[in-house]
Amino acid sequence: MRIILLGPPGSGKGTQGEMIFKKYHLPRISTGDILREAIKKGTPLGRQAEAEMKAGHLVSDEIVASLVAERIRQADCARGYVLDGFPRTINQVKLLERMADCQKEVVFEIYVPEEIIIERLSHRRICSSCGAVYNIVTSPPQRPDLCDLCGGRLIQRDDDRPEVIRERLRIYEAEIKEILDYYREKGNFYRVEGTGSAEEVFEKIESHLASELEERSVQKGMAER
């Protein structure tokens, strides 16, 4: 099964992806993570992506899709996987369907109102040394401004400032509408309210997944008769 998690920055996609992994053992694939890893390792795709970024361009859909294609061909994705951060354009949707058109697919949009997202992200702090993430309200470090894991200094990223967050959300809304409409029409789409605790949001996702897995089991049983 392919599970696609959609939602704006700060909606909790990463957290839900990790919870799905723990429950169903389907690896979470973050395009941001695999892009950074490819650049760090200097792979051919990583070098192409780095060149585009240094030129001030967005990484092309084709390069991102190729990175995803490489990842889903790995053995741990044979039963399925969770995509976090992909697809982000309707072109990426089409590329994904061409690379893995036989996968059962379920799409979730995690919806969180703008003001809550701004509050969440503006409270986020990142360790400048190890990259650990904190929220100064809901999950603060034991010592102010210092990482619990390595003692590094905690910083606020420029794109976690309220005025920047609003612009990021505006861009997201403009880009995602066509994708949401496409998946709604396709009939494999669920919108989940993301304003509760991580556990409460996961319960909603899990209930939909349970019904999808049950339907898949019934269809498989009928096909085997």
Expressed as a percent, the accessible surface of the chain that is carbon or sulfur, using a 1.4 Å probe and the full set of protein chains, is 51 percent
Note the full-extension length gain between residue 74 and residue 128 as 0.36 nm times their separation in residues minus their Cα-Cα distance, in nm to one decimal. 16.3 nm
Three semi-axes of the equivalent ellipsoid, region 42-99, Cα gyration tensor, whole Å, largest first: 22, 14, 8
Could you tell me the largest-minus-smallest coordinate of the C-alpha atoms of region 24-63 on each of the three principal axes, in descending order and whole angstroms? 40, 19, 13
Accessible area per residue, 1.4 Å probe, Å², for the chain: what's the number? 57 Å²
Relative contact order of region 1-80: what whole-number percent is it, with Cα pairs under 8 angstrom and at least 6 residues apart? 30 percent
For region 11-110, the dipole about the Cα centre with charges only on Cβ (Lys and Arg +1, Asp and Glu -1), to the nearest 20 debye, works out at 260 debye
Using the crude model of +1 on Lys and Arg Cβ and -1 on Asp and Glu Cβ, and no other charge, please compute the dipole size for the chain relative to its Cα centre, in debye to 20. 620 debye
How big is the Cα convex hull of region 51-158 in projection, averaged over all directions, in nm²? 9.8 nm²
Rounded to the nearest 0.05, what FRET efficiency do residue 180 and residue 58 give with R0 = 35 Å and r taken as the Cβ-Cβ distance? Could you check? 0.95
Antiparallel as a % of all DSSP beta bridges within region 68-225, to the nearest 5? 60 percent
What is the extension gain from residue 166 to residue 200, computed as 0.36 nm multiplied by their sequence separation minus the C-alpha to C-alpha distance, in nm to one decimal? 9.6 nm
In nm, to one decimal, how far is the residue 149 label point from the residue 43 one, both placed 7 Å along Cα→Cβ? 2.2 nm
Given 4 °C, 1.567 mPa s and a Kirkwood radius over Cα pairs, the Stokes-Einstein diffusion coefficient of the chain in µm²/s is 68 µm²/s
Cα convex hull volume per residue for region 160-219 (Å³): 99 Å³
Just how many % of Cα pairs in region 1-69 lie over 18 Å apart, if you round to the nearest whole percent? 46 percent
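The values are calculated or read from the model by the stated rules, or taken from the named source; none is laboratory data. Not measured: the values here are computed from a predicted model. Neighbour counts run over all protein chains shown; Cβ positions are idealised from the backbone, glycine included. Heavy atoms of the whole protein, side chains included, go into the accessibility calculation; ligands, DNA and RNA do not. Shrake-Rupley method; radii C 1.70, N 1.55, O 1.52, S 1.80 Å.
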